[in-house]
Amino acid sequence: MLRIPGPGSRTPDDVVIGPLDLAARVDEALAVQAEAFGLSADEVTVRRQIVLRHITYPGARALGAFTRDGRLVGFVYGMPNDRTHWWSTVVQPYLRARGHDTWLDDSFVITELHVLPAYQNRGIGRALITRITDEADEPRSILSAIDIDSPARGLYFSLGYEDLARQVLFPSAPKPYAVMGAHLPLRR
Ligand SMILES: CC(C)(COP(=O)(O)OP(=O)(O)OC[C@H]1O[C@@H](n2cnc3c(N)ncnc32)[C@H](O)[C@@H]1OP(=O)(O)O)[C@@H](O)C(=O)NCCC(=O)NCCS
């Protein structure tokens, strides 16, 4: 069932940013991620369980970008970092080696950010990440992105994120990642 989005900020293309019930719309969100990021059917199945677990974590929140008829065209979700979470345990030795270990405390983690290709480059990704971090209680934000020059990395740099570690290897991920951090609020 489609949910009519509540009042929210409006991007130039009349796409509304608002709260996303990720548990109810996990399959739509993963369809967006599969198209934007490239996920196989098997990867979608694995991610589905991970997302449904993530959204039970304290402080986990999601925002969606919706067309006027309620179609999901982008989303972001994240949560306050917890050093016991899998992602945090993987990146911690890399951050410690660079003297950035304390970024794992009091940080809001951006876990996923994806926009359908047909809707990219219109400010939707920027609106999603800016709004979710504006609503965070933490003074800073961290995330990981594939360690290449990409629109995602370009967006994060433009918002004030800096590299905290490079060439970070996640088990089962073939490509190395960069871990990035920014003080909040994000740069406008
Ligand atoms: C990353 C992503 C979410 C950005 O969403 P978006 O709605 O297209 O981004 P916006 O339009 O808000 O912002 C575009 C910004 O990205 C950056 N950007 C866009 N295209 C770029 C490119 N080819 N090279 C470098 N930077 C680029 C710029 O900083 C640009 O800012 P500007 O508009 O001031 O020039 C989107 O590209 C995406 O879904 N990519 C595939 C999935 C992915 O990589 N997700 C992130 C995982 S870490």
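The values are calculated or read from the model by the stated rules, or taken from the named source; none is laboratory data. Remember, it's a predicted structure, so these values are computed and weren't measured experimentally. Heads up, the Cβs are rebuilt from the backbone with ideal geometry, glycines too, and the neighbour counts pull from every protein chain shown.
As a summary of the residue check, VAL32 satisfies the conditions (1) in contact with a strand residue (DSSP E or B) (Cβ under 6 Å, 6 or more places away or on another chain); (2) at pLDDT 95 or above; (3) exposed (fewer than 11 other Cβ atoms within 10 Å of the Cβ) except for the one numbered (3).
Could you please find all residues in the stretch 32-55 being touching a residue at least 24 places away in the same chain (Cβ under 8 Å) and not acidic (Asp, Glu)?
Within the stretch 32-55, the subset touching a residue at least 24 places away in the same chain (Cβ under 8 Å) is 32-33, 35-37, 51-52, 54-55.
The answer is VAL32, GLN33, ALA36, PHE37, VAL51, LEU52, HIS54, ILE55.
Taking the residues in the stretch 30-47 that are closer than 16 Å to GLN120 by Cβ and small (Gly, Ala, Ser) as candidates, determine which candidate is nearest to the ligand (Cβ to nearest atom). Selected residue: ALA36.
Being part of a helix (DSSP H, G or I) and free of Cβ contacts under 8 Å to residues at least 40 places away in the same chain is true for just one of THR89, THR84. Which residue is that?
Details: THR84 fails: part of a helix (DSSP H, G or I).
Exactly one of THR89, THR84 is part of a helix (DSSP H, G or I) and free of Cβ contacts under 8 Å to residues at least 40 places away in the same chain, namely THR89.
Condition check: surrounded by 14 or more Cβ atoms within 10 Å (Cβ to Cβ), touching a residue at least 12 places away in the same chain (Cβ under 8 Å) and in a loop (DSSP other than H, G, I, E, B). Does PRO185 satisfy that? Considered against the rule, which asks whether it is surrounded by 14 or more Cβ atoms within 10 Å (Cβ to Cβ), touching a residue at least 12 places away in the same chain (Cβ under 8 Å) and in a loop (DSSP other than H, G, I, E, B), PRO185 comes out as yes. Residues in the stretch 120-143 that are within 7 Å of the ligand (Cβ to nearest atom) and either within 14 Å of PHE37 (Cβ to Cβ) or not in a helix (DSSP H, G or I) (or both): GLN120, ASN121, ARG122, GLY123, GLY125, LEU143. On the given criteria, is TYR94 out of contact with any Cys (no Cβ under 9 Å at 6 or more places or on another chain), of a type in the set (Phe, Trp, Tyr), at pLDDT 95 or above and within 15 Å of the ligand (Cβ to nearest atom)? Here the answer is no, as TYR94 does not meet what is asked.
Taking into account only those residues within the stretch 144-170 that are part of a loop (DSSP other than H, G, I, E, B) and surrounded by fewer than 16 Cβ atoms within 10 Å (Cβ to Cβ), which is farthest from the ligand (Cβ to nearest atom)? Steps first, please.
Initially, the stretch 144-170 is screened for residues part of a loop (DSSP other than H, G, I, E, B), giving 147-150, 159-161, 169-170.
When the remaining residues are screened for being surrounded by fewer than 16 Cβ atoms within 10 Å (Cβ to Cβ), the result is 148-150, 169-170.
Values: ILE148: 10, ASP149: 7, SER150: 6, LEU169: 16, PHE170: 12 Å.
Restricting to residues being part of a loop (DSSP other than H, G, I, E, B) and surrounded by fewer than 16 Cβ atoms within 10 Å (Cβ to Cβ), the top hit is LEU169.
Might you check whether a residue that is at pLDDT 95 or above, farther than 19 Å from ARG61 by Cβ, within 10 Å of the ligand (Cβ to nearest atom) and of a type in the set (Gly, Ala, Ser) occurs anywhere in the stretch 98-116? No, the stretch 98-116 contains no residue that is at pLDDT 95 or above, farther than 19 Å from ARG61 by Cβ, within 10 Å of the ligand (Cβ to nearest atom) and of a type in the set (Gly, Ala, Ser).
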